[in-house]
Structure formats: C-alpha cells, structure tokens
C-alpha cells in the first residue's frame with residue numbers, strides 16, 4: 001500500500017513538472033519569435049526614419065523609400081469592412097440558431113456553419129476572384145474590381161463561422177430565467193432578444209468579434225488574391241491597394257536577408273504580432289468582465 005501511494009505521488013509530481021515545463025517551453029518559443037522578429041524589424045530604423053515608415057505612403061525599395069502607411073491603412077480598411085459586413089450577419093445567424101430555429105434545423109445548420117471554418121483560404125480567394133471581383137467590376141464600373149470592398153466581402157464570409165459559433169454559445173449559455181422573466185413581464189420575443197439576451201451575452205459577442213478581427217487582419221492568401229496588390233494608398237473601396245500580409249507574402253522571397261528591404265518586411269510582421277497580442281488582451285478583458293458580471 002505504501003509503495004502504491006509513493007508511485008501515485010511520483011506520477012503526480014512528474015505530471016506537474018511536465019505540464020510546467022511544457023508551458024515554459026511554449027512561452028519561451030513565443031518570446032523568441034517576438035524577439036527575433038522585433039530585432040530584425042527594428043533594424044529597419046538604422047536606415048529609415050520612424051516617422052517616414054509610419055506616415056509615408058511611398059514604397060519603393062529600389063529607391064530607398066520604405067513607407068508602410070499604405071499597407072497599414074489597407075489592413076485596417078479590409079478588417080473594418082469585414083467586421084461591418086460579417087459582424088451583424090454573424091450575430092443575426094447566432095440569434096437565429098440560438099433562439100428561433102427549431103432543434104432539427106439547428107442540428108443541421110450548426111455543423112454546416114462549423115464546416116465553413118475548415119475550408120482553405122485559397123478557396124475563398126478563388127471564389128472571390130472569379131465571382132465577387134467580377135460582380136464589383138460590373139456593378140461599380142471600376143477598371144478592375146479589386147480593392148478593399150472585394151477583400152472585405154471575402155473576409156466577412158470567412159469570419160462568419162467564428163462570429164456565429166461563439167455568439168451562439170454566449171447566447172445559449174445564458175440562464176433560462178432571463179428569457180422567462182422578460183416574457184412574463186409582457187415583452188415580445190424580439191424585445192427579449194434585443195433588450196435582454198443580446199446585452200446579457202455582450203461579453204461573449206465582443207469576444208467573437210475581436211477573434212474575428214484577429215482572423216481577418218492576419219489573413220493572407222484570400223486577401224492577396226482580391227486586393228489588387230498595388231502599393232497605392234487607400235483612396236476608394238474599389239481601387240487596388242495592398243495590406244501588410246499581402247505585401248509580405250509578395251516580397252519576402254525576393255529580398256536578401258539582413259537588407260533594409262527585408263528588415264522592413266520583418267517590421268511589418270512585428271506590427272501584425274503586436275496587433276494580435278493586443279486583440280488577445282482585449283479578448284481576455286472581455287471574458288473577465290463577462291465572468292464578473
């Protein structure tokens with residue numbers, strides 16, 4: 001009996017140290033990635049002014065001009081467009097699945113919604129290239145159809161599974177007393193959804209939207225196929241431009257390691273890392289407030 005207790009104690013200690021070691025290893029890997037990308041990126045400022053990098057829209061590496069404002073504005077524009085389109089649609093889908101759809105329909109639509117998350121981004125990009133870009137070109141009389149509008153629509157479709165799934169989980173996790181009390185006071189179903197359920201599930205809905213933003217701003221292939229990849233500052237929703245991710249994937253393979261051009265691309269990657277970390281912090285803040293509430 002004594003040996004059995006000693007063996008159980010040894011296994012518990014071993015498991016504890018194994019989990020701690022794994023957590024430390026993962027943290028070290030993440031810190032090393034941030035340190036490496038950051039060090040390479042900040043090397044850009046040996047030859048390029050900080051102000052010029054963030055405020056100039058002139059990107060011509062052959063001429064020594066490394067203004068990233070075009071790509072930063074393109075990334076922000078496509079992300080906001082995706083959230084403006086996909087956020088309300090995703091929330092509407094979540095409300096429908098959680099509160100309106102009958103059980104048999106929910107059993108079909110929820111797996112179908114989750115299935116969209118597994119579709120490769122290149123498929124979304126190809127559909128956007130062949131359908132959405134052509135539709136925008138014909139309906140707006142633009143010269144190409146490429147731009148923030150096409151990229152935003154493609155990204156909105158891509159983030160729908162995230163928004164729908166997490167928002168529905170947030171709505172379905174609410175106590176049933178919320179719904180019952182509102183209906184008992186004479187509120188209609190739509191008043192209950194609008195004034196009771198959605199506000200109560202707001203932390204979870206905000207978490208879904210923030211995670212969708214992280215997915216949208218870090219998307220590369222689909223955006224690269226429909227954005228136009230032109231280093232021109234965003235001036236219209238239907239004019240070709242570029243984003244941080246699309247410019248990195250287009251130019252990283254053509255730059256010698258350690259050059260100013262290569263370091264500038266690493267700095268763009270570091271900006272994306274910082275944005276992702278900020279969004280993760282916002283998610284944790286929203287979850288914490290929801291738990292306190």
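Every read-out reported here was derived from the displayed coordinates using simple, explicitly stated rules and does not represent laboratory data. Because the structure is a prediction, the values reported are computed rather than measured. Here the Cβ is made from the backbone with ideal geometry for all residues, glycine too, and neighbour counts use every protein chain on show.
Within the range 50-292, the proportion of Cα pairs with more than 21 Å between them is 62 percent. Here the gap between residue 106 and residue 52, fully extended at 0.36 nm per residue and compared with their Cα-Cα distance, gives a gain of 14.2 nm. Peptide packing for 137-146, 211-220 was compared via the average number of neighbouring C-beta atoms within 10 Å per residue; ordered from the highest value, the list is 211-220, 137-146. Remark: the residue 257-residue 180 segment gains 21.4 nm on full extension, using 0.36 nm per residue and subtracting the alpha carbon distance.
Ordering 270, 257, 42 by the number of other Cβ atoms within 10 Å of each residue's own Cβ, fewest first, gives 257, 42, 270. The modelled label-to-label distance between residue 19 and residue 138, using points 7 Å beyond Cα along the C-beta direction, is 5.8 nm.
Principal axis extents of the C-alpha atoms in the range 190-237 (largest first, rounded to whole Å): 47, 21, 15. Using a simple spin-label model with pseudo-atoms 7 Å out from Cα toward Cβ, residue 28 and residue 280 lie 1.8 nm apart. What would the Debye equation give as log₁₀ I(q)/I(0) for the range 208-293 at q = 0.15, 0.18, 0.20, 0.24 Å⁻¹, counting only Cα atoms as equal point scatterers? Results for the range 208-293 at q = 0.15, 0.18, 0.20, 0.24 Å⁻¹ read -0.68, -0.86, -0.97, -1.17. Computed over the Cα atoms of the range 1-136, the ratio of the radius of gyration to the Kirkwood radius (Rg/Rh) comes to 1.19. Only Cα pairs under 8 Å and at least 6 apart count here; give the relative contact order of the chain as a rounded whole percent. For the chain, the relative contact order is 27 percent. Within the range 104-184, the ratio Rg/Rh, alpha carbon atoms throughout and Rh by Kirkwood, equals 1.19. Cβ crowding within 10 Å ranks 271, 209, 164, 20 as 20, 271, 209, 164, fewest other Cβ atoms first.
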